[in-house]
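Novice: Have a look at this one before I ask anything.
The values are calculated or read from the model by the stated rules, or taken from the named source; none is laboratory data. A quick note: this is a predicted structure, and the numbers were derived from the prediction, not measured. In this analysis, Cβ positions are derived from the backbone assuming ideal geometry, glycine residues included, and neighbour counts consider all displayed protein chains.
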Amino acid sequence: MPINLDQSVIQSLKSVLMAATMVGLAACSSGGGQPDWVDQPESAYPASSHLTAVGSADDRNTAADRATANLAKIFEVAVQDASMDFSSAQVSSAGGQSSVTNEQQITRTVTTEARQVLSGAQVVEYWQSEQGRVSALAILAKQPAASRFRQSIGSLDREVNELVEYASSKADSPVAALSALKRARSAQMQRDQLNQNLMIVADGKGIKGQYDTASVEALIRNGLAALKVQVQAEDPSIQAEIQQALATLGVPVSDQSNLILMGSLDVAPVEQKQAWFWLRGSYELVFKDGSKVLAKQRWPVKVSSTEANLLPQRLRDEINGRLPGYVYELLSTD
């Protein structure tokens, strides 16, 4: 049976419902209604199963980006730079024999492999304060992330093993062997970082591999030390500088070797631009096995000074500072 309500009663009910709605909205947008995850993100997603991070901004998109970036920061680790540094090598002589102490210092930088690390990350919650500030909650489920890391580590382990095996028994030249070892080192560095990431999501449990970065670098140093190289250059000073660079790398120099490293420097006339003088040129290295060219590379060089007479020595200093790196790049580039 229909119920007829007085208009005043209907109006009163509308007022009550509207007031309740306003109270609810106020609770959601005010500081008093702030959800626990804003200050304690693990309260919404337990640390045992998820990584969590919060970001805040004046709009949703920026808040989400910041939350994701904060999640990525959990995986920030120190990794080795892509190039080997031979600058700390010391050459000493005793009893007519020279020896090389090569204490390689590897430049370390902080990096985040955000694309792979954050695969599977989601922004699952938003909250806006009474002042309009938006907070966002980003999460990453640990178990799926651990599975992705393990899969990538397994692939890189296979790559490193294959490259080391190729360098040790299948390479047809020392350049091919050193090139394979350099690629193995790069893959091993990626693998080491992924293992660090795995330990973050797997309660400190990583995967032990056959190699690590230090052991691959030792293989590279051993490969360099196994070479015996003859140096040839028309300019005696260039020849001496290349011999010094080889010693820095730990490569023995022998006049009887069939492996020959040749060097030359081409320099253009001095240029003057306003108060500065410039000297430009190119430095070329050629690595041969008898008459067969194994590798050849050229690098641009330039120096400047307010005094033209200082340019030749500055150019020599510039080249000598870079020469060990040039030689290593040549010997390991297939």
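Novice: Among the residues that make up the range 238-250, is at least one of them free of Cβ contacts under 8 Å to residues at least 60 places away in the same chain and among the charged types (D, E, K, R)?
Specialist: no
Novice: Scanning for something among the β-branched types (Val, Ile, Thr), over 29 Å from Val164 (Cα atoms) and touching a residue at least 24 places away in the same chain (Cβ under 8 Å), does the range 260-276 turn up at least one residue? Show your work before the answer.
Specialist: Of the residues in the range 260-276, the ones among the β-branched types (Val, Ile, Thr) are 260, 267, 270.
With the extra rule that they be over 29 Å from Val164 (Cα atoms), the set shrinks to 267, 270.
Among the residues that remain, those that are also touching a residue at least 24 places away in the same chain (Cβ under 8 Å) are: 267, 270.
Looking through the range 260-276, at least one residue is among the β-branched types (Val, Ile, Thr), over 29 Å from Val164 (Cα atoms) and touching a residue at least 24 places away in the same chain (Cβ under 8 Å).
Novice: All but one of (1) modelled with pLDDT of 90 or more; (2) assigned to a strand (DSSP E or B) hold for Thr62; state the number of the condition that does not hold.
Specialist: Exception for Thr62: condition (2).
Conditions tested, residue by residue: (1) modelled with pLDDT under 90; (2) over 30 Å from Gln244 (Cα atoms); (3) of a type in the set (Gly, Ala, Ser); (4) assigned to a loop (DSSP other than H, G, I, E, B).
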site: Pro46; (1), (2), (3), (4): no, yes, no, yes
site: Ser56; (1), (2), (3), (4): no, yes, yes, no
site: Ala67; (1), (2), (3), (4): no, yes, yes, no
site: Ala72; (1), (2), (3), (4): yes, yes, yes, no
site: Ala78; (1), (2), (3), (4): yes, yes, yes, no
site: Ala82; (1), (2), (3), (4): yes, no, yes, yes
site: Asp85; (1), (2), (3), (4): yes, no, no, yes
site: Ser88; (1), (2), (3), (4): yes, no, yes, yes
site: Ser93; (1), (2), (3), (4): yes, no, yes, no
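Novice: Now, a different point. Within the range 191-210, how many residues turn out to be in contact (Cβ under 8 Å) with a residue 40 or more places away in the chain and either assigned to a helix (DSSP H, G or I) or buried (at least 20 other Cβ atoms within 10 Å of the Cβ) (or both)? Talk me through it step by step, then tell me what you get.
Specialist: Step one: filter the range 191-210 for residues in contact (Cβ under 8 Å) with a residue 40 or more places away in the chain, giving 192-198, 200-202, 207, 209-210.
Filter once more, keeping what is either assigned to a helix (DSSP H, G or I) or buried (at least 20 other Cβ atoms within 10 Å of the Cβ) (or both): 192-198, 200-201.
Going through the range 191-210 one residue at a time, the tally reaches 9.
Novice: Then there's this: Select from the range 219-273 the residues that are among the hydroxyl-bearing types (Ser, Thr, Tyr) and part of a helix (DSSP H, G or I) and list them in ascending order. Steps first, answer last, please.
Specialist: Taking the range 219-273 and keeping what is among the hydroxyl-bearing types (Ser, Thr, Tyr), we get 237, 248, 254, 257, 264.
Within the range 219-273, Ser237, Thr248 qualify.
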